[in-house]
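Just below is one structure, and these are the notes that go with it.
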Amino acid sequence: MTNRRDFLKISAAGSIGMMVLGATGCAPAAVVDRKSFGVGLQLYTIRDAMAADVPGTLKKVSDIGFKNLELAGYADGKFYGIAPAEFKKMVNDLGMDILSSHTQVEAAGITMDNAKIMADAHAALGAKYCVQPWVNEPDRNIETYKKMIADWNQVGKIMKEVGIQFAYHNHNFEFATIDGIVPYYDIFMPEMDKDLITMELDLFWISKAGQDPIAMFNKYPGRFQLLHFKDMKTNQPPFFEVIKDDVCSVGEGVIDFKKIWAAKDVAGAKYLFVEDDNQGNGKPFEGIDTSIKNITTKILV
């Protein structure tokens, strides 16, 4: 019979073996350094948390593994009510970088003085991009689109003077036909100065509009420096209402992100951001954790 001392030695060796090999007898997978993938997060995804606790929320985002941020809280020269330099330090101290910021230029227009203030604030923030994220429903007509794009070109010129690239983020309404015209193809792409305005393509919304992102890359190569990774549960026919209930975490739905990302060089894509308009259906941090897990283990590998 094995004496007690030998039994303890054998038990200890067995325990170490289990720790090394794992419960299945196979070597455990290496721990993924999520930050090394450079995945970004659009903070609109966790807007309620940002409104309640900026420092604590940013810490959670960093701990989950996001490297880059796209903000959604600019007003009067500040970001989430915080001066640009202070906000930048807060983010950098957590091992993250600010790449982009969503900032609305209203249809009524923007004075060049205000555009300069906006540009200077984003330059102080260290952002590479400033993005027009939305067009209000009453302004979705041919005449207003043309006026807005002319204004955006002017804003883009001012942004470029301080080293920032202006951009436009789509939804699905831009693909709804108006008097025989599809605004995205017939107004936005031809009238936006491609040197002053790049596109931030939201893969959820163009899919909802029945569009093929890879076909779009081929038609307009190099014009999509930013991509929004946002998945959908079902592949429904095109519709042009603001429907968010179908949003789900990246990799949990039907969009083939791996195939789309493989065409990034044609698109001119440099960065991707996770976004969820529905804030994870009440579980925003669980939702973004699932997204980055799938991106770093299934999509970017």
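The values are calculated or read from the model by the stated rules, or taken from the named source; none is laboratory data. All figures in this text were calculated on a predicted structure; none of them were measured in a lab. When we count neighbours, we look across all protein chains shown, and the Cβ atoms used for this are built from the backbone with ideal geometry, even at glycine.
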Pair list, Cβ under 6 Å, 6 or more apart: region 98-126 residue outside the structural domain of H169 (by TED's automatic domain parsing), other residue among the charged types (D, E, K, R) and not in a helix (DSSP H, G or I): none
Failed item in (1) within 20 Å of G156 (Cβ to Cβ); (2) touching a strand residue (DSSP E or B) at 6+ places or on another chain (Cβ under 9 Å), with D246 passing the rest: (1)
Region 204-222 residues that are among the polar types (S, T, N, Q), paired with ones that are surrounded by 14 or more Cβ atoms within 10 Å (Cβ to Cβ) and not in a loop (DSSP other than H, G, I, E, B) (beta carbon under 8 Å, 6 or more apart): S207/P213; S207/M232; Q211/F175; N218/V266
Residue in region 161-177 that is within 23 Å of A215 (Cα to Cα) and over 21 Å from the mean Cα position of the chain (by Cα) present: yes
Hits in region 249-268 (condition: surrounded by fewer than 21 Cβ atoms within 10 Å (Cβ to Cβ) and closer than 27 Å to L58 by Cα): G251, E252, G253, W261
Subset tally (residues that are among the aromatic types (F, W, Y) and assigned to a helix (DSSP H, G or I)) for region 64-91: 1
Enumerated helices (runs of 4 or more DSSP H) restricted to region 184-290, each holding at least 2 residues that are under 26 Å from D33 (Cβ atoms) and not acidic (D, E): 257-261, 264-267
Residue match in region 93-107 (condition: outside any helix (DSSP H, G or I), at pLDDT below 95 and surrounded by fewer than 14 Cβ atoms within 10 Å (Cβ to Cβ)): yes
Candidates K208, K219, filtered to the one that is surrounded by fewer than 16 Cβ atoms within 10 Å (Cβ to Cβ) and charged (D, E, K, R): K219
Positions within region 262-278 being under 22 Å from P133 (Cα atoms), modelled with pLDDT of 95 or more and not β-branched (V, I, T), in sequence order: K264, A267, G268, A269, K270, Y271, L272, F273, E275, D276
Selection within region 197-218 - of a type outside the set (A, V, I, L, M, F, W, C) and closer than 25 Å to M159 by Cα: T198, E200, D202
Test: residue in region 154-169 that is at pLDDT 95 or above, touching a Lys or Arg at 6+ places or on another chain (Cβ under 7 Å), under 19 Å from C130 (Cα atoms) and of a type outside the set (S, T, N, Q): yes
